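*Asks:* The structure is given below, and queries will be raised subsequently.
The values are calculated or read from the model by the stated rules, or taken from the named source; none is laboratory data. Bear in mind the structure is a predicted one, so any value in this text is a computation, not a measurement. All Cβ positions, glycine included, derive from the backbone under ideal geometry; neighbour counts span all protein chains shown. The accessibility values were calculated without ligands, DNA or RNA, using every heavy atom of the protein model including side chains. Shrake-Rupley method; radii C 1.70, N 1.55, O 1.52, S 1.80 Å.
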Amino acid sequence: MRIHRIALEPHLHAEKQYDLQPLQQVFAKYKNKSGSLIPLLQAAQEHFGFLPPVVFPAIAQETGVSESVIYGVATFYAQFRL
């Protein structure tokens with residue numbers, strides 16, 4: 001019996017470029033407002049259909065919240081897809 005190994009595809013989202021420009025309006029709307037993390041994540045997910053990895057540093061830069069906290073929020077709530 002011969003075993004065929006399945007070639008793993010490279011990370012699907014690593015090579016794709018994501019345009020964060022449409023999110024700038026949302027960033028401006030919630031700038032310097034507390035409690036803006038979930039609406040920002042919701043807007044990013046609505047735009048992309050999920051949360052790509054490039055969203056986390058962008059939101060961290062805009063809000064001043066660390067990427068690890070943002071990732072923790074995104075993985076805690078079932079509404080967010082990574």
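*Asks:* Return the pairs, sorted by first residue and then second, in which the second residue is among the acidic types (D, E) and part of a helix (DSSP H, G or I), the first residue lies in the range 55-82 and is within 20 Å of Q24 (Cβ to Cβ) and open to solvent by 50 Å² or more (accessible area, probe 1.4 Å), the beta carbons are less than 8 Å apart, and the residues are 6+ apart or on different chains.
*Replies:* These pairs meet every condition: P57/E67.
*Asks:* Name every residue in the range 45-54 that is open to solvent by less than 50 Å² (accessible area, probe 1.4 Å) and in a loop (DSSP other than H, G, I, E, B), in order of residue number.
*Replies:* G49, F50, L51, P52
*Asks:* If V26 meets every condition in (1) within 17 Å of F80 (Cα to Cα); (2) buried (at least 18 other Cβ atoms within 10 Å of the Cβ) apart from one, which number is that one?
*Replies:* Looking at each condition in turn, V26 falls short on (1).
*Asks:* Being exposed (fewer than 15 other Cβ atoms within 10 Å of the Cβ) and assigned to a loop (DSSP other than H, G, I, E, B) is the filter here, so list the residues in the range 30-44 that pass it.
*Replies:* Correct list: K31, N32, K33, S34, G35.
*Asks:* Starting from the range 34-48, take each residue that is among the hydroxyl-bearing types (S, T, Y) and list its partners that are buried (at least 18 other Cβ atoms within 10 Å of the Cβ) and assigned to a helix (DSSP H, G or I), counting only C-beta distances under 8 angstrom and pairs at least six apart or across chains.
*Replies:* S36/T63
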